[in-house]
Amino acid sequence: NAGVTQTPKFQVLKTGQSMTLQCAQDMNHNSMYWYRQDPGMGLRLIYYSASEGTTDKGEVPNGYNVSRLNKREFSLRLESAAPSQTSVYFCASSADRGTNSPLHFGNGTRLTVT
Amino acid sequence: AQSVTQLGSHVSVSEGALVLLRCNYSSSVPPYLFWYVQYPNQGLQLLLKYTTGATLVKGINGFEAEFKKSETSFHLTKPSAHMSDAAEYFCAMRTGGGNKLTFGTGTQLKVEL
């Protein structure tokens with residue numbers, strides 16, 4: 001089973017460029033999430049989607065947009081990249097919310113903005 | 001406010017020694033608690049999760065965690081460290097009906113010969 005698949009694995013952008021990070025899961029999960037990981041800060045939630053057609057802001061949503069295209073796919077878009085968005089981005093999914101359903105993570109996208 | 005605190009950003013142990021990684025939480029409602037492990041250049045993998053009613057939780061790779069409500073703690077232990085345990089470990093909490101999983105800042109475990 002593929003689980004959660006993220007593309008691309010690596011990306012370098014110049015300040016002001018845009019890009020979309022793709023995420024797909026094959027576990028029929030309802031909820032999907034985007035986190036960023038920065039040294040010494042753990043993982044911080046950017047956006048999440050509790051079900052197809054719904055999205056909500058997390059802890060650090062500024063500078064990002066998301067689309068829950070269907071139940072499988074949840075994309076993260078940077079409209080105008082800034083050096084502060086240099087980070088490792090993780091997509092995750094879970095079966096349900098408000099329970100002890102664990103999150104399943106992709107392998108991450110390492111983004112550098114110069 | 002809900003929060004998770006991991007004491008010690010770096011922990012070093014000898015191979016065969018006890019591993020103890022500390023996690024304390026702050027929550028106004030009963031939390032769901034998790035430990036994840038992250039190997040270099042990989043995503044996070046679930047080690048174990050707390051289920052209401054069970055104070056000692058067993059996970060994969062010989063790890064276990066004890067939930068202590070009186071101390072608001074969920075420390076991770078392993079009796080005997082192995083070189084392959086070297087990784088970063090994250091404690092995380094979800095509360096009530098919310099979607100948000102709050103992570104600690106992580107503890108890097110180093111295992112020395």
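The values are calculated or read from the model by the stated rules, or taken from the named source; none is laboratory data. None of the values given here were measured: they were computed from a predicted structure. In this analysis, Cβ positions are derived from the backbone assuming ideal geometry, glycine residues included, and neighbour counts consider all displayed protein chains. For the accessible areas, the whole protein counts, side chains as well, though only heavy atoms, and no ligand, DNA or RNA atoms are used. Shrake-Rupley method; radii C 1.70, N 1.55, O 1.52, S 1.80 Å.
For the range A:33-62, give me each residue that is within 11 Å of another protein chain (Cβ to nearest Cβ), of a type outside the set (D, E), open to solvent by less than 30 Å² (accessible area, probe 1.4 Å) and not in a strand (DSSP E or B). A:G42, A:A50, A:G58, listed by residue number.
When restricted to residues that are part of a loop (DSSP other than H, G, I, E, B) and of a type in the set (D, E), the range A:63-83 contains 1. Has the range B:49-61 got at least one residue that is among the hydrophobic types (A, V, I, L, M, F, W, C), without any contact (Cβ under 8 Å) to a residue 40 or more places away in the chain, closer than 23 Å to A:G106 by Cβ and open to solvent by 60 Å² or more (accessible area, probe 1.4 Å)? Yes, the range B:49-61 contains a residue that is among the hydrophobic types (A, V, I, L, M, F, W, C), without any contact (Cβ under 8 Å) to a residue 40 or more places away in the chain, closer than 23 Å to A:G106 by Cβ and open to solvent by 60 Å² or more (accessible area, probe 1.4 Å). In this structure, does A:V66 turn out to be open to solvent by 10 Å² or more (accessible area, probe 1.4 Å) and closer than 23 Å to B:C91 by Cα? So A:V66 fails the test. Restricting attention to the range B:4-42, the residues that are part of a strand (DSSP E or B) and over 18 Å from B:A65 (Cβ atoms) total 3. When residues in the range B:74-99 are screened for being open to solvent by 10 Å² or more (accessible area, probe 1.4 Å), in contact with a strand residue (DSSP E or B) (Cβ under 6 Å, 6 or more places away or on another chain) and facing chain A (nearest Cβ under 8 Å), 0 of them pass.
Residue count for the range A:35-63 satisfying the condition of being within 20 Å of B:Q38 (Cβ to Cβ) and not aromatic (F, W, Y): 14.
Could you say which residue among A:G53, A:G63, A:G58 is over 17 Å from A:K9 (Cβ atoms) and touching a Phe, Trp or Tyr at 6+ places or on another chain (Cβ under 6 Å)? Working first, answer last.
Values: A:G53 fails: touching a Phe, Trp or Tyr at 6+ places or on another chain (Cβ under 6 Å); A:G63 fails: touching a Phe, Trp or Tyr at 6+ places or on another chain (Cβ under 6 Å).
Testing whether each residue is over 17 Å from A:K9 (Cβ atoms) and touching a Phe, Trp or Tyr at 6+ places or on another chain (Cβ under 6 Å) leaves just A:G58.
What residue, among those in the range A:80-114 that are modelled with pLDDT under 95 and charged (D, E, K, R), is farthest from A:R44 (Cα to Cα)? It comes out as A:D96.
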